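A short write-up of the structure that comes next.
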There are 2 protein chains.
Amino acid sequence: MKFCSVCGQPVALRVPEGDNLPRHVCGSCGTIHYRNPKIVVGCVPEWQGRILLCRRAIEPRRGYWTIPAGFLENGETLHAGAQRESQEEALAQVEIGSLLAVVSVLYAEQVHIMFRARLPEQRFGAGAESLEVELFEEARIPWPDIAFASVEFALQRYLSDRAAGLEGLHFTEFERRTGMGPKYSGG
Amino acid sequence: MKFCSVCGQPVALRVPEGDNLPRHVCGSCGTIHYRNPKIVVGCVPEWQGRILLCRRAIEPRRGYWTIPAGFLENGETLHAGAQRESQEEALAQVEIGSLLAVVSVLYAEQVHIMFRARLPEQRFGAGAESLEVELFEEARIPWPDIAFASVEFALQRYLSDRAAGLEGLHFTEFERRTGMGPKYSGG
């Protein structure tokens, strides 16, 4: 951020009065521009024990597998966002279940919020941002080709909970990019 | 948003190619400026059965009671954000517990995420944004003077769960401002 989105004049990084963190402040109109984490919302859709995954048609991590997920929009609930992403990326109408995972992706300034979900019928396909969409038995999940660390975490917890007959809520955080976790910018 | 924060030139609202929602797009450098919901994080701190509330020293809803809560910062986990807000607003060092409530405040473009919390010792006070901070027995909670609908929701669910010996996770949404719910801009 170099310019004020209100008046178009240059901004400078400084700590506003009464604050304790540097913010982008306009030198002309005085507007303080806060920057906060964005929410990525998604779900793990299951159909008769198998998991629906999408192979990404876009960067980052083009060609790698992920669950339906993307940025939450203004005016949209988390449940509606997860449903919309499933429709857009996997042409699938899912029923959202319990909350599965909340992952703070600190280096990307994102919070990934992932639900369990049910695919009521075996209808899906590749949306514009997917190369292909497929149902995977647990033993066939392509772990080395999962696009993001947060998705790997959510899938692991989903499966271990399912094996134990539980539906837990799991928190974790990633402080820095791993081999598999470039900055998420999908959907 | 009227100007591009990257180059300072005017932006226009239009639907970018491959998208389906209008975004602020720069007419000069082409940058697409996405706007997404912000996260407000907070907690309900309990000490020996009593609930810690803060009376707001700032607008909106100055003079009304709330739980410690505020905008999640970049680089901060949800748990750390809830702890920080408790320190800033109530000078209280809390232990964060289970997730209590997730409230989509659609009109304000915010998601309020609230945890249960424990105050390990009876030490607290009014931070810079609080007029006073007090522990309330359940029967003394000032319901007509609670600042925000999302906080009322969280407190109600906290108390009904506690009475039932549960720790549930509760979702709700507010589509429009209620009498008690002006746009949150605290902390």
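Could you check, for the stretch A:91-107, whether at least one of its residues is more than 13 Å from the chain's Cα centre (by Cα), within 15 Å of residue A:128 (Cβ to Cβ) and more than 14 Å from every other protein chain (Cβ to nearest Cβ)?
Scanning the stretch A:91-107 turns up at least one residue that is more than 13 Å from the chain's Cα centre (by Cα), within 15 Å of residue A:128 (Cβ to Cβ) and more than 14 Å from every other protein chain (Cβ to nearest Cβ).
Under the condition of being crowded, with 17+ Cβ neighbours inside 10 Å and more than 14 Å from the chain's Cα centre (by Cα), which residue from the stretch A:58-76 is farthest from residue A:161 (Cα to Cα)? Full working, then the answer.
Let us first name the residues in the stretch A:58-76 that are crowded, with 17+ Cβ neighbours inside 10 Å, namely A:61, A:64-73, A:76.
Keeping just the survivors that are more than 14 Å from the chain's Cα centre (by Cα) gives A:64, A:76.
Numbers: A:64: 24, A:76: 28 Å.
Among them, the one singled out is A:76.
Take the residues in the stretch A:142-155 that are open to solvent by 40 Å² or more (accessible area, probe 1.4 Å) and in contact with a helix residue (DSSP H, G or I) (Cβ under 9 Å, 6 or more places away or on another chain); name whichever of them is nearest to residue A:42 (Cα to Cα). Walk me through it before giving the result.
Of all residues in the stretch A:142-155, those open to solvent by 40 Å² or more (accessible area, probe 1.4 Å) come to A:143-145, A:152.
Cutting the leftovers down to in contact with a helix residue (DSSP H, G or I) (Cβ under 9 Å, 6 or more places away or on another chain) gives us A:143, A:152.
Details: A:143: 18, A:152: 13 Å.
By that ranking, first place goes to A:152.
Could you tell me which of the residues B:50, B:35 is charged (D, E, K, R), within 19 Å of residue A:34 (Cβ to Cβ) and touching a residue at least 12 places away in the same chain (Cβ under 8 Å)? Break it down stepwise before answering.
Numbers: B:50 fails: within 19 Å of residue A:34 (Cβ to Cβ).
Result: B:35 is the single residue among B:50, B:35 that is charged (D, E, K, R), within 19 Å of residue A:34 (Cβ to Cβ) and touching a residue at least 12 places away in the same chain (Cβ under 8 Å).
Residue under question is residue B:40, and the condition is that it be touching a helix residue (DSSP H, G or I) at 6+ places or on another chain (Cβ under 7 Å) and either of a type in the set (A, V, I, L, M) or surrounded by fewer than 22 Cβ atoms within 10 Å (Cβ to Cβ) (or both); does it hold?
Numbers: touching a helix residue (DSSP H, G or I) at 6+ places or on another chain (Cβ under 7 Å): no; either of a type in the set (A, V, I, L, M) or surrounded by fewer than 22 Cβ atoms within 10 Å (Cβ to Cβ) (or both): yes.
No.
Any idea how many residues of the stretch A:109-135 are surrounded by fewer than 22 Cβ atoms within 10 Å (Cβ to Cβ), within 14 Å of chain B (Cβ to nearest Cβ) and of a type in the set (A, V, I, L, M)?
Adding up the residues that qualify gives 1.
How many residues does the stretch B:115-163 hold that are of a type in the set (Asp, Glu) and over 23 Å from residue B:60 (Cβ atoms)?
In the first step, residues of the stretch B:115-163 are kept if they are of a type in the set (Asp, Glu); the result is B:121, B:129, B:132, B:134, B:137-138, B:145, B:152, B:161.
Okay, now just the ones that are also over 23 Å from residue B:60 (Cβ atoms), so B:121, B:137-138, B:161.
Number of matching residues: 4.
Report the residue count in the stretch B:1-30 for those that are more than 11 Å from chain A (Cβ to nearest Cβ) and either part of a strand (DSSP E or B) or open to solvent by less than 50 Å² (accessible area, probe 1.4 Å) (or both).
6
State which residue pairs qualify: first residue within 18 Å of residue A:135 (Cβ to Cβ) and inside the stretch A:63-83, second residue at pLDDT below 95 in any location, beta carbons under 9 Å apart, and separation of 6 or more residues or different chains.
A:64/A:180; A:66/A:186; A:68/A:187; A:69/A:184; A:69/A:186; A:69/A:187
Picking from B:139, B:101, B:128, which residue would you name as being farther than 12 Å from residue B:67 by Cα, in a helix (DSSP H, G or I) and among the hydrophobic types (A, V, I, L, M, F, W, C)? Full working, then the answer.
On the way: B:101 fails: in a helix (DSSP H, G or I); B:128 fails: in a helix (DSSP H, G or I).
The conditions single out B:139.
What's the number of the condition residue A:55 fails, among (1) open to solvent by 50 Å² or more (accessible area, probe 1.4 Å); (2) under 23 Å from residue A:160 (Cβ atoms); (3) in contact with a Leu (Cβ under 6 Å, 6 or more places away or on another chain)?
(2)
Of the numbered conditions (1) acidic (Asp, Glu); (2) surrounded by 22 or more Cβ atoms within 10 Å (Cβ to Cβ); (3) within 26 Å of residue B:71 (Cβ to Cβ), residue A:89 satisfies every one except a single condition; which is it?
(3)
The values are calculated or read from the model by the stated rules, or taken from the named source; none is laboratory data. None of the values given here were measured: they were computed from a predicted structure. Please note: Cβ atoms are built from the backbone with ideal geometry, for glycine as well, and neighbour counts cover all protein chains shown. Keep in mind that these areas ignore ligands, DNA and RNA; they rest on the heavy atoms of the full protein, side chains included. Shrake-Rupley method; radii C 1.70, N 1.55, O 1.52, S 1.80 Å.
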